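These notes are about the structure you will find just below.
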Amino acid sequence: MTDFLSGAPAFGLVLSLSAYLLGDFARKRLKLLWLHPLLPAVLLVIAVLLLTGLPYESYIESAGLLSFLLGPATVCLAIPLYKRLRLLRRNWKAVLGGALAGVLSSLFGVLLLAKLTGLGAAEYASLLPKSVTTAIGVGIAAELGGQRAVSGALIILTGIFGSLSAGLVCRLFGLREPLAKGLAIGTSAHAIGTAKAFEMGETEGAVSGLAIVISGVLTVIFAPLFAGLIG
Amino acid sequence: MKWALQAAIILGFSLAGEFLRLLLPLPVPAGVYGLLLMLGALSLGLLKLPQIEQTGEFLVSILPLLFVPAAAGLLDAWGVLRAMWPAALLAVLGLTPLVMGITGWVAQRLMKSGEGEGGDD
């Protein structure tokens with residue numbers, strides 16, 4: 001059975017899709033609307049892999065279509081963005097200022113945590129880009145001497161927890177403007193948070209999508225400056 | 001053939017993004033280059049929204065699902081994560097909401113007061 005599954009091209013897709021649907025169903029059925037369906041989905045996939053003894057590599061290979069589509073899907077974030085270009089032009093200072101504040105506080109926060117907990121240089125580099133989208137963050141981590149897999153895992157956990165806490169954080173910090181909410185979610189919780197932002201509203205989602213790009217680029221610029229501060 | 005055309009255009013921008021990444025090898029994924037190219041094409045009127053809208057919005061709507069395989073990589077990173085758990089835990093659970101709050105607070109303060117439509121810029 002294991003041999004059959006690890007060789008079956010559709011296995012990874014069927015497993016990913018059904019785990020996601022099941023995660024979404026559980027979330028709605030149990031009225032846990034704050035829960036991101038990605039969390040139960042991932043736990044389910046991991047459980048199935050561990051129980052069947054299927055290697056992670058053959059799962060990744062057969063689910064490759066999903067990972068491939070991340071590229072075109074990112075490109076298409078241009079669509080909601082374009083629809084709100086006027087709003088963004090009018091508030092470009094708020095967008096840039098907010099993203100800059102977020103990126104610097106994230107990098108500074110990681111530096112502080114690394115000093116406090118005595119983190120090694122490689123772990124520090126893996127943690128540094130935790131708030132930017134996986135494709136950018138993993139590249140930054142590798143360049144600064146971190147590990148791709150570790151950085152990817154931290155980025156995804158950040159995205160999931162960011163989505164979970166988004167509603168509460170917006171209330172605690174008195175965020176009422178859709179633009180401010182979207183920027184906050186995208187800057188701290190990248191593409192996974194953006195899905196949550198779209199649930200709040202079209203403007204929140206569009207701005208969150210933009211924040212992925214801006215905070216990604218700002219992190220590319222600033223993370224190397226922070227990288228040398230430990231080790 | 002509508003879907004085929006829309007998909008071809010979107011994948012064309014992906015491909016152009018990959019090409020641009022070859023020319024400008026910053027640690028930025030090809031998708032982000034493609035996003036900027038598509039935004040530019042839409043702004044300049046070279047590309048019209050209806051030419052890509054349906055397929056594009058479908059792709060955006062399934063974005064979180066596309067992360068499932070990457071997220072299962074947690075399995076691979078588990079050993080290292082366990083060894084660095086205090087920093088990882090504080091960073092994910094503490095820093096993430098803090099960064100979110102700071103970003104939104106700063107953005108909201110910098111927004112033009114009188115956010116009514118058609119502002120005076």
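The numbers here are math on the coordinates, done by the rules we state, and not lab data. Only a predicted model underlies this, so the values are computations on that prediction, with no experimental measurement involved. Glycine gets a Cβ as well: all are built from the backbone with ideal geometry, and neighbour counts include every protein chain shown.
Here the contact order of the range B:1-62, divided by its residue count and restricted to Cα pairs under 8 Å and six or more residues apart, works out to 39 percent. For peptide B:45-53, the mean count of partner chain Cβ atoms within 10 Å of a residue's Cβ comes to 1.
In chain A, the C-alpha radius of gyration followed by the widest Cα-Cα span (Dmax) gives 18.5, 59 angstrom. As a length-normalised measure over Cα pairs under 8 Å and 6 or more apart, the relative contact order of chain A settles at 20 percent. Only lysines eight or more places from B:Lys48 in sequence, or on another chain, were considered; those with a Cα closer than 27 Å are A:Lys83, B:Lys2. When a/c reaches 1.5 or more, the comparison of a/b and b/c decides; with that in mind, is chain B rounded, prolate or oblate per its Cα gyration tensor? The shape class here is oblate.
Rounded to two decimals, the Cα radius of gyration of the range A:2-75 over 2.2 N^0.38 Å is 1.18. Counting only other chain Cβ atoms within 10 Å of each residue's Cβ, the peptide A:40-52 averages 3.
Estimated at 0.36 nm per residue, the fully extended path between A:Leu229 and A:Leu168 surpasses their Cα-Cα distance by 18.7 nm. For the range A:79-143 and the range A:195-214, write down the distance between their C-alpha centroids in whole Å. If you average the Cα positions of each part, the centres end up 15 Å apart. Shielding by partners for peptide A:222-230, expressed as the average number of C-beta atoms from other protein chains within 10 Å of each residue's C-beta, is 0. About its Cα centre, the dipole of chain A is roughly 1040 debye, where the only charges are +1 on Lys and Arg Cβ and -1 on Asp and Glu Cβ. Simple rule: put +1 on each Lys or Arg Cβ and -1 on each Asp or Glu Cβ in chain B, find the dipole, and look at B:Ala16, B:Gln51, B:Gly79; the Cα lying farthest toward the positive end is B:Gly79. The tail of the calculated P(r) for the range A:152-204 beyond 17 Å holds 24 percent of all Cα-Cα pairs.
Within straight-line reach of A:Lys130, meaning a Cα separation under 27 Å, sit the following lysines at least 8 residues removed in sequence or on another chain: A:Lys93, A:Lys115, A:Lys181, A:Lys196. Of the residues A:Gly53, A:Leu39, A:Leu5, the one whose Cα sits farthest toward the positive end of the charge dipole of the range A:2-75, with +1 on the Cβ of Lys and Arg and -1 on the Cβ of Asp and Glu, is A:Leu39. Summing Lys and Arg as +1 and Asp and Glu as -1 over all other residues whose Cβ lies under 12 Å from the Cβ of B:Gly104 gives a net charge of +2. The sum of -39500 (n - 2.57) across all DSSP H runs of n ≥ 4, divided by the residue count of the protein assembly as shown, sets its helix-only mean residue ellipticity at 222 nm to -24500 deg cm²/dmol. Other residues with beta-carbon under 9 Å from the beta-carbon of A:Ser208 carry, at +1 per Lys or Arg and -1 per Asp or Glu, a net charge of +1. Neighbours of A:Leu54 by Cβ distance under 12 Å: Lys/Arg scored +1, Asp/Glu scored -1, total -3.
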